[in-house]
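Below is one structure, written out as structure tokens, with a few remarks after it.
The values are calculated or read from the model by the stated rules, or taken from the named source; none is laboratory data. Owing to the predicted nature of the structure, the values given are computational and were not obtained by experimental measurement. Using ideal geometry, Cβ is built from the backbone for each residue, glycine included, and neighbour counts are taken over all protein chains shown.
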Amino acid sequence: MDITVNPRTFFVFDLDDTLYQEIDFLRSAYKHIASALEPAIKSSIYNEMIDRYHKKENVFRWIIDQYRDHLGEFDVKWLITTYREHLPDIKMSSETAAFLDNVRSLGIRAGLITDGRSVTQRNKLESLGLAGMFAEIIISEEFGSEKPDEKNYLYFVVKFPGSDFYYFGDNTRKDFITPAKLGWKTVCIKDRGENIHKQQFDGSPVPTYVINGFEEINLQKSRDNNA
């Protein structure tokens, strides 16, 4: 996939399962929680937490029910807060990191639209080394609305008028509805089997492009700087 960029080009990215695998955040949180609990409960529970998650069980309820007499101050509130607010051990793939390095080197303007809690999403960006990557960051808790609300996307249209927008996401249920209505080009990063939200391509709108990863994008500058 070739993208010819010019001074008007503006890339807007989703975060979870687009720039990194969201399941890695869950694994990081579970490891953090298990490590904190194990001295009190005298048991290694990380692997069972993961197994129960994949069985769609309530993992935190299982912890409380199984180890109630040993948890002390480690209650449900602590589990939820720790999950949401820990500084995660996550990283981008080498291909994604190389693509974003290329975006920077070419001077392409970029923004982010992500749903979630402020502290959670900003901790992810910090861990990924992306806190200073974007001209604007829209996080649903801070902004007051979630995708596919038009306000989240129109913010960029108003702030950066005349831009040629590309939107990069993964969630076929909500990511591409509004960008398509606004005339943006949309790029879907295909699920390689670990996405939290499974993809369906039989609905509307279908993304402009579907790719396996950012390594499939070739960025090239327009010969005409005014193009």
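Structural remarks
- Region 102-138: number of residues that are among the acidic types (Asp, Glu) and buried (at least 16 other Cβ atoms within 10 Å of the Cβ): 1
- Residue satisfying condition, being part of a helix (DSSP H, G or I), within 23 Å of the chain's Cα centre (by Cα) and not β-branched (Val, Ile, Thr), within set 92, 49: 49
- Top-ranked residue of region 57-79 - restricted to ones that are more than 29 Å from residue 126 (Cα to Cα) and among the basic types (Lys, Arg), ranked as surrounded by the most Cβ atoms within 10 Å (Cβ to Cβ): 61
This table checks each residue for (1) touching a Ser or Thr at 6+ places or on another chain (Cβ under 8 Å); (2) within 24 Å of residue 119 (Cα to Cα); (3) in the same structural domain as residue 121 (by TED's automatic domain parsing).
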residue	(1), (2), (3)
35	no, yes, no
38	yes, no, no
44	no, no, no
54	no, no, no
69	no, no, no
78	no, yes, no
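- Residue within region 196-209 that is under 23 Å from residue 139 (Cβ atoms), surrounded by 14 or more Cβ atoms within 10 Å (Cβ to Cβ) and touching a helix residue (DSSP H, G or I) at 6+ places or on another chain (Cβ under 7 Å) present: yes
- Yes/no for residue 74 being in contact (Cβ under 8 Å) with a residue 12 or more places away in the chain, part of a helix (DSSP H, G or I) and out of contact with any Asp or Glu (no Cβ under 6 Å at 6 or more places or on another chain): no
- Any hit, region 80-91, residues being under 27 Å from residue 32 (Cβ atoms), touching a Pro at 6+ places or on another chain (Cβ under 7 Å) and surrounded by 13 or more Cβ atoms within 10 Å (Cβ to Cβ): no
- Pairs, first under 20 Å from residue 212 (Cβ atoms) and in contact (Cβ under 8 Å) with a residue 24 or more places away in the chain in region 171-186, second surrounded by fewer than 22 Cβ atoms within 10 Å (Cβ to Cβ) and among the small types (Gly, Ala, Ser), C-beta under 7 Å, six or more apart: 172/203
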